[in-house]
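As C-alpha coordinates, the structure follows; a few thoughts come after it.
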Amino acid sequence: MSAVFSSRQQLDQICLILSRYIRLPVSTDTIPGAFLEAVLAHVRGALRLNTYDYVDIHRPQERVGWSIKSTLAATPVTWKRAKLPNQAQLIAASEQSDEGLQALGDAIISFCNAHAHASLARYGLDEIGYARLIVHRTGDVTYFERKLCDRANPDIFSPRDFEWQWSSPKKTVRKEQLPALHGRHRETGKKWWAWHGRGENQLHFNGDSTWWPARDDPHAISFRFPAEDEKISFERLTEVLEAL
(Lines give C-alpha, C1' and ligand atoms only; values in the text may rest on other atoms or scores of the structure.)
Protein backbone atom coordinates (compact mmCIF):
# COMPACT_ATOMS: atom_id res chain seq x y z
CA MET A 1 0.00 0.00 0.00
CA SER A 2 1.10 3.55 -0.70
CA ALA A 3 2.98 5.24 2.15
CA VAL A 4 0.56 8.15 1.75
CA PHE A 5 -2.14 6.26 3.62
CA SER A 6 -2.34 5.93 7.38
CA SER A 7 -3.22 2.58 8.92
CA ARG A 8 -6.57 2.13 10.63
CA GLN A 9 -4.83 2.45 13.98
CA GLN A 10 -3.22 5.72 12.88
CA LEU A 11 -6.55 7.05 11.58
CA ASP A 12 -8.15 6.21 14.93
CA GLN A 13 -5.36 8.10 16.69
CA ILE A 14 -5.83 11.14 14.44
CA CYS A 15 -9.56 11.02 15.14
CA LEU A 16 -9.02 10.77 18.89
CA ILE A 17 -6.68 13.76 19.05
CA LEU A 18 -8.93 15.93 16.88
CA SER A 19 -12.11 15.02 18.74
CA ARG A 20 -10.44 15.86 22.05
CA TYR A 21 -9.16 19.16 20.72
CA ILE A 22 -12.64 20.37 19.73
CA ARG A 23 -13.88 19.72 23.27
CA LEU A 24 -11.58 22.47 24.55
CA PRO A 25 -13.37 25.71 25.49
CA VAL A 26 -10.98 27.67 23.25
CA SER A 27 -11.88 25.71 20.11
CA THR A 28 -14.12 27.23 17.42
CA ASP A 29 -16.33 25.80 14.69
CA THR A 30 -13.26 24.94 12.59
CA ILE A 31 -10.05 23.00 13.12
CA PRO A 32 -7.01 25.07 12.05
CA GLY A 33 -4.89 23.64 9.27
CA ALA A 34 -1.76 24.24 11.34
CA PHE A 35 -3.17 22.06 14.10
CA LEU A 36 -4.03 19.31 11.62
CA GLU A 37 -0.46 19.50 10.29
CA ALA A 38 0.88 19.03 13.82
CA VAL A 39 -1.43 16.07 14.47
CA LEU A 40 -0.56 14.23 11.26
CA ALA A 41 3.15 14.93 11.75
CA HIS A 42 2.92 13.49 15.28
CA VAL A 43 1.00 10.37 14.28
CA ARG A 44 3.09 9.63 11.16
CA GLY A 45 6.46 10.65 12.59
CA ALA A 46 6.83 13.35 9.95
CA LEU A 47 8.47 16.78 9.84
CA ARG A 48 6.55 20.05 9.54
CA LEU A 49 8.04 22.39 6.96
CA ASN A 50 6.45 25.82 7.66
CA THR A 51 7.18 26.95 4.10
CA TYR A 52 5.13 27.89 1.04
CA ASP A 53 6.04 24.62 -0.67
CA TYR A 54 3.25 22.36 -1.88
CA VAL A 55 3.84 19.75 0.81
CA ASP A 56 3.26 20.88 4.38
CA ILE A 57 4.87 17.89 6.10
CA HIS A 58 7.06 15.03 4.94
CA ARG A 59 8.46 11.78 6.24
CA PRO A 60 11.98 11.33 4.86
CA GLN A 61 12.19 7.64 5.85
CA GLU A 62 9.35 6.77 3.48
CA ARG A 63 10.04 9.56 0.94
CA VAL A 64 6.44 10.78 1.22
CA GLY A 65 4.90 14.20 1.79
CA TRP A 66 1.39 15.57 2.31
CA SER A 67 -0.45 18.71 1.33
CA ILE A 68 -2.87 19.46 4.18
CA LYS A 69 -6.15 21.40 4.05
CA SER A 70 -8.82 22.00 6.70
CA THR A 71 -11.94 24.10 6.07
CA LEU A 72 -15.67 24.29 6.53
CA ALA A 73 -17.46 22.32 3.81
CA ALA A 74 -18.72 25.49 2.10
CA THR A 75 -15.33 27.23 2.13
CA PRO A 76 -13.31 26.78 -1.08
CA VAL A 77 -9.79 25.43 -0.72
CA THR A 78 -7.09 27.96 -1.57
CA TRP A 79 -4.39 26.27 -3.63
CA LYS A 80 -2.11 29.28 -3.13
CA ARG A 81 -1.53 32.72 -4.61
CA ALA A 82 -0.80 32.02 -8.26
CA LYS A 83 1.36 34.74 -9.79
CA LEU A 84 2.15 33.60 -13.32
CA PRO A 85 5.12 34.47 -15.53
CA ASN A 86 4.00 36.91 -18.26
CA GLN A 87 0.70 37.28 -16.41
CA ALA A 88 -0.32 40.61 -17.94
CA GLN A 89 0.31 39.35 -21.46
CA LEU A 90 -1.59 36.12 -20.82
CA ILE A 91 -4.59 38.00 -19.44
CA ALA A 92 -4.60 40.39 -22.40
CA ALA A 93 -4.43 37.48 -24.86
CA SER A 94 -7.25 35.70 -23.04
CA GLU A 95 -9.52 38.63 -23.84
CA GLN A 96 -8.79 38.39 -27.56
CA SER A 97 -9.44 34.75 -28.46
CA ASP A 98 -10.51 31.32 -27.22
CA GLU A 99 -6.95 30.15 -27.85
CA GLY A 100 -5.62 32.87 -25.57
CA LEU A 101 -8.19 31.98 -22.94
CA GLN A 102 -7.15 28.33 -23.03
CA ALA A 103 -3.47 29.29 -22.90
CA LEU A 104 -4.08 31.23 -19.70
CA GLY A 105 -5.92 28.28 -18.17
CA ASP A 106 -3.17 25.90 -19.26
CA ALA A 107 -0.63 28.16 -17.55
CA ILE A 108 -2.58 27.91 -14.30
CA ILE A 109 -2.67 24.11 -14.47
CA SER A 110 1.04 24.04 -15.28
CA PHE A 111 1.62 26.27 -12.25
CA CYS A 112 -0.19 23.77 -10.01
CA ASN A 113 1.73 20.82 -11.39
CA ALA A 114 5.05 22.67 -11.12
CA HIS A 115 4.28 23.48 -7.49
CA ALA A 116 4.05 19.73 -6.76
CA HIS A 117 7.06 18.89 -8.96
CA ALA A 118 9.19 21.29 -6.93
CA SER A 119 8.32 19.53 -3.66
CA LEU A 120 9.02 16.10 -5.18
CA ALA A 121 12.50 17.30 -6.13
CA ARG A 122 13.32 19.47 -3.11
CA TYR A 123 12.50 16.82 -0.52
CA GLY A 124 13.44 13.73 -2.52
CA LEU A 125 9.89 12.38 -2.42
CA ASP A 126 8.56 9.35 -4.22
CA GLU A 127 4.93 10.39 -3.75
CA ILE A 128 2.68 13.15 -2.48
CA GLY A 129 -0.61 12.72 -0.66
CA TYR A 130 -3.53 14.96 0.23
CA ALA A 131 -4.70 15.06 3.87
CA ARG A 132 -8.05 16.82 4.11
CA LEU A 133 -10.39 17.68 6.96
CA ILE A 134 -13.93 18.90 6.27
CA VAL A 135 -16.30 20.34 8.86
CA HIS A 136 -19.86 19.90 7.60
CA ARG A 137 -22.70 22.20 8.68
CA THR A 138 -24.46 19.16 10.15
CA GLY A 139 -21.73 18.98 12.79
CA ASP A 140 -20.05 15.97 11.20
CA VAL A 141 -16.30 16.05 10.59
CA THR A 142 -14.59 14.02 7.87
CA TYR A 143 -10.86 13.38 7.58
CA PHE A 144 -9.48 11.54 4.56
CA GLU A 145 -6.24 10.85 2.72
CA ARG A 146 -5.71 10.60 -1.02
CA LYS A 147 -2.69 9.97 -3.22
CA LEU A 148 -2.09 12.80 -5.68
CA CYS A 149 1.06 12.05 -7.63
CA ASP A 150 4.37 10.24 -7.59
CA ARG A 151 7.75 10.43 -9.24
CA ALA A 152 6.64 8.28 -12.19
CA ASN A 153 3.45 10.34 -12.71
CA PRO A 154 4.23 13.79 -11.27
CA ASP A 155 1.31 15.75 -12.76
CA ILE A 156 -1.78 16.13 -10.58
CA PHE A 157 -3.92 17.63 -13.37
CA SER A 158 -4.07 17.59 -17.16
CA PRO A 159 -4.70 20.91 -18.97
CA ARG A 160 -6.88 19.02 -21.46
CA ASP A 161 -9.46 18.37 -18.74
CA PHE A 162 -10.49 22.02 -18.31
CA GLU A 163 -12.10 24.86 -20.24
CA TRP A 164 -12.00 28.47 -19.07
CA GLN A 165 -14.14 31.59 -18.94
CA TRP A 166 -13.96 34.98 -17.25
CA SER A 167 -16.81 35.63 -14.84
CA SER A 168 -18.99 38.72 -15.09
CA PRO A 169 -18.08 41.61 -12.75
CA LYS A 170 -20.15 41.71 -9.56
CA LYS A 171 -21.13 44.87 -7.72
CA THR A 172 -21.54 44.84 -3.97
CA VAL A 173 -22.54 47.63 -1.60
CA ARG A 174 -18.90 48.50 -0.92
CA LYS A 175 -17.12 47.88 -4.21
CA GLU A 176 -17.13 46.19 -7.59
CA GLN A 177 -15.60 42.72 -7.54
CA LEU A 178 -13.14 42.06 -10.34
CA PRO A 179 -13.84 39.18 -12.73
CA ALA A 180 -12.32 35.81 -11.85
CA LEU A 181 -11.17 33.17 -14.31
CA HIS A 182 -13.27 30.03 -13.87
CA GLY A 183 -12.04 26.61 -14.96
CA ARG A 184 -14.68 23.98 -15.64
CA HIS A 185 -14.02 20.26 -15.73
CA ARG A 186 -14.89 19.18 -19.25
CA GLU A 187 -16.22 15.75 -18.34
CA THR A 188 -18.60 16.86 -15.57
CA GLY A 189 -19.21 20.52 -16.40
CA LYS A 190 -18.49 21.47 -12.79
CA LYS A 191 -16.43 24.50 -11.79
CA TRP A 192 -13.09 23.31 -10.40
CA TRP A 193 -11.08 26.54 -10.37
CA ALA A 194 -11.45 30.24 -9.67
CA TRP A 195 -8.37 32.38 -10.24
CA HIS A 196 -8.42 35.99 -9.07
CA GLY A 197 -5.60 37.13 -11.32
CA ARG A 198 -6.85 40.70 -11.55
CA GLY A 199 -6.69 41.03 -7.79
CA GLU A 200 -4.55 39.26 -5.23
CA ASN A 201 -3.94 36.13 -7.35
CA GLN A 202 -5.71 33.66 -5.05
CA LEU A 203 -6.36 30.35 -6.77
CA HIS A 204 -9.37 28.55 -5.31
CA PHE A 205 -9.78 24.84 -5.93
CA ASN A 206 -13.51 24.07 -6.00
CA GLY A 207 -12.85 20.62 -7.46
CA ASP A 208 -11.80 19.48 -3.99
CA SER A 209 -15.39 18.34 -3.35
CA THR A 210 -15.12 15.74 -6.12
CA TRP A 211 -12.32 14.11 -4.10
CA TRP A 212 -14.42 13.67 -0.98
CA PRO A 213 -14.62 10.02 0.05
CA ALA A 214 -17.49 7.57 -0.11
CA ARG A 215 -18.97 6.45 3.20
CA ASP A 216 -17.05 3.15 3.16
CA ASP A 217 -13.67 4.61 2.09
CA PRO A 218 -10.94 2.78 4.07
CA HIS A 219 -8.76 5.91 4.05
CA ALA A 220 -11.34 8.15 5.74
CA ILE A 221 -12.73 8.56 9.23
CA SER A 222 -15.58 10.64 10.66
CA PHE A 223 -16.69 12.02 14.02
CA ARG A 224 -19.05 14.71 15.31
CA PHE A 225 -18.50 18.13 16.80
CA PRO A 226 -19.52 18.16 20.46
CA ALA A 227 -22.54 20.08 21.68
CA GLU A 228 -21.75 23.09 23.85
CA ASP A 229 -22.61 21.16 27.01
CA GLU A 230 -20.17 18.41 26.00
CA LYS A 231 -17.19 20.77 25.90
CA ILE A 232 -14.73 20.98 28.75
CA SER A 233 -15.28 24.06 30.90
CA PHE A 234 -12.56 26.64 31.48
CA GLU A 235 -12.66 25.67 35.16
CA ARG A 236 -12.01 22.01 34.36
CA LEU A 237 -9.28 22.92 31.89
CA THR A 238 -7.59 25.05 34.55
CA GLU A 239 -7.75 22.18 37.04
CA VAL A 240 -6.14 19.80 34.55
CA LEU A 241 -3.36 22.26 33.69
CA GLU A 242 -2.62 22.99 37.34
CA ALA A 243 -2.28 19.27 38.01
CA LEU A 244 0.43 18.87 35.40
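The values are calculated or read from the model by the stated rules, or taken from the named source; none is laboratory data. In this text, all values refer to a predicted model and were calculated from it rather than measured experimentally. All Cβ positions, glycine included, derive from the backbone under ideal geometry; neighbour counts span all protein chains shown. We work out accessible area using only protein heavy atoms, side chains counted, and drop any ligands, DNA or RNA first. Shrake-Rupley method; radii C 1.70, N 1.55, O 1.52, S 1.80 Å.
For a label point 7 Å from the Cα of Arg224 along Cα→C-beta, name the residues of the stretch 24-53 whose backbone N is under 18 Å from it.
Flagged as within label range: 24, 29-30.
Decide, for the chain, between rounded, prolate and oblate: order the square roots of the alpha carbon gyration tensor eigenvalues as a ≥ b ≥ c, take rounded if a/c falls under 1.5, and otherwise choose prolate if a/b is larger than b/c, else oblate. Before the final figure, lay out the partial values.
Values: a/c = 2.20, a/b = 1.53, b/c = 1.44.
Prolate.
Taking θ = phi - 60°, what integer Hz values does the Karplus form 6.51 cos²θ - 1.76 cosθ + 1.60 yield along the stretch 235-240, in sequence order, with x for Gly and Pro?
Once rounded to whole Hz, the list reads 5, 5, 4, 5, 4, 5.
Taking amide H atoms as placed 1.01 Å from N in the peptide plane, list the residues 5 or more away in sequence, or in a different chain, whose amide H sits under 5 Å from that of Thr78.
Result for Thr78 returns Phe205.
Rounded, prolate or oblate: pick one for the stretch 52-185, where a ≥ b ≥ c are the square roots of the eigenvalues of its C-alpha gyration tensor, a/c under 1.5 means rounded, and failing that, prolate if a/b is larger than b/c, else oblate.
Numbers: a/c = 2.39, a/b = 1.33, b/c = 1.80.
Cα axes put the stretch 52-185 in the oblate bin.
Top to bottom by accessible area (1.4 Å), largest first, where do Lys190, Lys69 land?
Greatest to least solvent exposure: Lys190, Lys69.
Which ³J(HN,Hα) values in Hz, rounded to whole numbers, follow from the phi angles of the stretch 144-152 under the Karplus curve 6.51 cos²θ - 1.76 cosθ + 1.60, where θ = phi - 60° and Gly and Pro get x?
After applying 6.51 cos²θ - 1.76 cosθ + 1.60, I find 9, 10, 8, 7, 9, 7, 9, 5, 6 Hz.
Using the Cα gyration tensor of the stretch 188-244, with a ≥ b ≥ c the square roots of its eigenvalues, what is the shape: rounded (a/c below 1.5), prolate (a/b larger than b/c) or oblate (neither)?
Working: a/c = 3.84, a/b = 1.86, b/c = 2.07.
Oblate.
Would you mind checking which residues have amide H under 5 Å from Asp56's amide H? H placed 1.01 Å from N; only 5 or more apart, or other chain.
Answer set, sorted by chain and number: Trp66, Ser67, Ile68.
Taking the Cβ of Gly124 as the centre, find all other residues whose Cβ is under 12 Å away and add up their charges (Lys, Arg: +1; Asp, Glu: -1).
Net charge around Gly124: +1.
So if R0 is 35 Å, what FRET efficiency would Thr51 and Leu237 give, r being the distance between their Cβ atoms, rounded to the nearest 0.05?
0.60
Using helices alone, what [θ] at 222 nm do you get for the chain, with -39,500 (n - 2.57) per DSSP H run of 4 or more residues, divided over all residues and rounded to the nearest 500?
Rounded to the nearest 500, it is -9000 deg cm²/dmol.
Under a point spin-label approximation (7 Å from Cα along Cα-to-Cβ), what is the Asp12-Leu72 distance to one decimal in nm?
Here the answer is 3.3 nm between the modelled labels.
Counting only other residues whose beta carbon sits under 13 Å from that of Thr28, what net charge do I get with K and R as +1, D and E as -1?
0
Show me, for the stretch 209-217, the HN-Hα J-couplings you get by feeding each phi into the Karplus relation (A = 6.51, B = -1.76, C = 1.60, θ = phi - 60°), rounded to Hz, glycine and proline as x.
Per-residue couplings from phi come out as 5, 6, 8, 4, x, 6, 4, 9, 5 Hz.
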